[in-house]
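One structure is given here, and the rest of the page talks about it.
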Amino acid sequence: MSKIKGHKRLVKEIKDLQENYEEFKIHFPDPDTLYLFNAVFDGAEGSLYEGETLELQFKFDDTFPFEAPEVIFVGDIPTHPHVYSNGYICLSILYDHWTPALRVSSIILSILSMLSSCEEKVGPENDGSFSRYAKGKSPKSFNWVFEDDKC
Amino acid sequence: MSEAPTSTQPDKKDDLGLTPEEIEENKKAQQELEAHNEAVTKQMEDLKNAVRKDMPFVSKYLTLDEYKLKWEGNKFYDSFDSIMTKFSKVRELRRDGNCFYRAILWQIFEYFLVNKSEHALVEYDKILKKIEGAKQDLMDNGYDEVVVDMFHDQFLEEFKGLSEPKIDVTDDEAVEKYLEERLCDESLASYLITYIRFIISAYLKANREMYQPFIELDMDTYCQIRVDAVEQEAEEICIIGLMNYLDLAVEIIQVQPDGLAYTSKIPEDAVDDESRFIGRLLFTPGHYDSLHI
């Protein structure tokens with residue numbers, strides 16, 4: 001498999017995650033590639049997600065770090081106003097507000113903070129129609145509208 | 001609502017209290033909206049691709065006469081006559097949100113590549129020192145080393161390369177090719193431009209008491225979404241930040257609807273005496289091109 005342009009940066013990020021963020025367990029579903037990995041972590045204590053095991057999937061391509069990786073929830077999808085039941089996440093830094101200065105760890109921390117500030121466990125209003133519509137499309141292919149400052 | 005007993009509902013309504021006709025209508029509206037969204041996304045993608053295909057990142061020289069022709073019938077048309085009294089050539093920049101950054105990098109690189117006068121060498125060393133120290137400035141202002149490393153190393157390598165290029169710098173074509181290889185390349189140029197964005201952000205954050213009053217967003221958010229973000233156009237405060245950080249100067253010639261041209265300098269007291277680098281940019285609404293004497 002050929003290397004993506006941001007390979008060196010990604011290797012550093014993975015190393016940093018493994019060494020400095022014990023709370024995020026990284027595993028590679030496909031042993032042949034570094035460009036797809038999952039991060040497993042616990043919902044923050046004291047938040048509505050305490051006791052839940054959360055799992056994000058990261059997918060990298062040649063656009064990294066100039067575009068965000070593709071990030072979705074897999075496994076048991078948490079119920080949250082900005083998380084669709086297909087795992088897609090409405091969070092501005094994953095799309096329009098991404099910058100090459102952001103890191104994989106910053107993404108996980110932002111998502112944790114998004115969950116922690118949640119006051120009521122409800123799914124997004126348009127979950128049903130969106131999840132049907134989104135089938136087979138990448139989360140990066142939509143024009144996300146960020147409705148509030150938490151998103 | 002789903003707990004409401006169905007027997008109390010007279011018609012065949014679903015749990016939102018909608019009739020089958022209304023549900024059908026909603027569905028149709030939803031589908032139309034989705035089709036519309038899809039069309040808009042495709043249109044934006046097409047537009048981006050069209051810009052990509054038709055427009056080089058940095059064009060070959062155009063005479064100002066040729067450039068002016070593109071503005072025929074426009075209220076800014078006459079402005080080019082007064083610009084022509086001082087400048088003769090323009091390089092057009094691709095309208096991809098990076099026009100300022102690419103134009104100024106092209107001019108800085110070209111100046112230090114070609115100009116080996118005593119003045120230029122002193123100025124080159126001064127900037128080189130700044131860039132060598134920039135990594136620490138970035139890390140002091142919230143950039144992680146993991147992030148900074150590649151951008152810093154790449155920029156430093158290219159800036160150092162200007163002092164001993166393996167080309168004949170008196171050969172205009174070789175110089176143009178050298179700059180194109182660095183600044184018109186999807187990969188390398190992205191690193192160089194992003195690095196410039198980062199040092200502007202770091203400078204603005206380090207001097208936030210001075211610059212915060214000029215921006216509406218809080219400084220960190222501003223830097224994240226307006227400066228660091230790929231393809232965000234440079235606002236004046238970004239240009240000021242870059243010039244101040246690297247101790248450079250730029251002259252911006254702006255077309256006016258009354259057919260005149262307005263010149264602004266950053267810093268305001270910059271002297272254009274040909275003994276030091278001064279960038280020269282042409283500003284037409286929403287866009288920078290590169291001006292040349």
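The values are calculated or read from the model by the stated rules, or taken from the named source; none is laboratory data. None of these values were measured; they are calculated from a predicted model. Using ideal geometry, Cβ is built from the backbone for each residue, glycine included, and neighbour counts are taken over all protein chains shown.
Would you kindly identify the helices (runs of 4 or more DSSP H) lying entirely within region B:184-267 that contain at least 1 residues that are within 30 Å of B:T85 (Cβ to Cβ), of a type in the set (D, E) and in the same structural domain as B:I131 (by TED's automatic domain parsing)? So that I can check it myself, show each step before the final result.
Working: elements: B:188-206, B:208-211, B:219-222, B:236-246.
So the answer is B:236-246.
Just one of the numbered conditions (1) crowded, with 17+ Cβ neighbours inside 10 Å; (2) in contact with a Pro (Cβ under 9 Å, 6 or more places away or on another chain); (3) modelled with pLDDT of 95 or more is not true of B:A202; which one?
For B:A202, the exception is condition (2).
Mind telling me which of the residues B:L192, B:L179 ends up being in contact with an Asp or Glu (Cβ under 8 Å, 6 or more places away or on another chain), within 16 Å of B:V148 (Cα to Cα) and not small (G, A, S)?
Working: B:L179 fails: within 16 Å of B:V148 (Cα to Cα).
None of the others qualify; the one that does is B:L192.
For region B:208-218, what are the residues that are within 14 Å of another protein chain (Cβ to nearest Cβ) and buried (at least 17 other Cβ atoms within 10 Å of the Cβ)? Walk me through it before giving the result.
Pass one, region B:208-218, residues within 14 Å of another protein chain (Cβ to nearest Cβ): B:217-218.
Matches in region B:208-218: none.
Go through region B:263-288 and report how many residues are surrounded by 13 or more Cβ atoms within 10 Å (Cβ to Cβ) and within 20 Å of B:G73 (Cα to Cα).
Residues that pass the stated criteria total 4.
Quickly run through region A:4-40 and pick out the residues that are more than 17 Å from A:E67 (Cα to Cα), within 10 Å of chain B (Cβ to nearest Cβ) and of a type in the set (D, E).
Selection gives A:D16 alone.
So which of A:I77, A:I108 is of a type outside the set (S, T, Y) and within 10 Å of the chain's Cα centre (by Cα)? Spell out how you get there, then give the answer.
On the way: A:I77 fails: within 10 Å of the chain's Cα centre (by Cα).
Among A:I77, A:I108, only A:I108 is of a type outside the set (S, T, Y) and within 10 Å of the chain's Cα centre (by Cα).
Taking the conditions exactly as written (under 29 Å from B:S59 (Cα atoms), modelled with pLDDT of 95 or more and surrounded by fewer than 17 Cβ atoms within 10 Å (Cβ to Cβ)), does B:D140 satisfy them or not?
On the way: under 29 Å from B:S59 (Cα atoms): no; modelled with pLDDT of 95 or more: yes; surrounded by fewer than 17 Cβ atoms within 10 Å (Cβ to Cβ): yes.
No; evaluated as a whole, the condition is false for this residue.
Consider A:G123 carefully, then state whether it is away from chain B (no Cβ under 12 Å), in contact with a His (Cβ under 8 Å, 6 or more places away or on another chain) and either among the hydroxyl-bearing types (S, T, Y) or buried (at least 17 other Cβ atoms within 10 Å of the Cβ) (or both).
Numbers: away from chain B (no Cβ under 12 Å): yes; in contact with a His (Cβ under 8 Å, 6 or more places away or on another chain): yes; either among the hydroxyl-bearing types (S, T, Y) or buried (at least 17 other Cβ atoms within 10 Å of the Cβ) (or both): yes.
So A:G123 passes the test.
So A:H97 ticks every box in (1) surrounded by fewer than 22 Cβ atoms within 10 Å (Cβ to Cβ); (2) more than 30 Å from B:E233 (Cβ to Cβ) but one. Which box is left unticked?
Condition (2) is where A:H97 drops out.
Within region A:13-21, can one find any residue that is surrounded by 17 or more Cβ atoms within 10 Å (Cβ to Cβ) and assigned to a loop (DSSP other than H, G, I, E, B)?
Within region A:13-21, the first condition is being surrounded by 17 or more Cβ atoms within 10 Å (Cβ to Cβ), and the residues that meet it are A:13, A:17.
Now drop any that are not assigned to a loop (DSSP other than H, G, I, E, B), which leaves none.
Within region A:13-21, none of the residues are surrounded by 17 or more Cβ atoms within 10 Å (Cβ to Cβ) and assigned to a loop (DSSP other than H, G, I, E, B).
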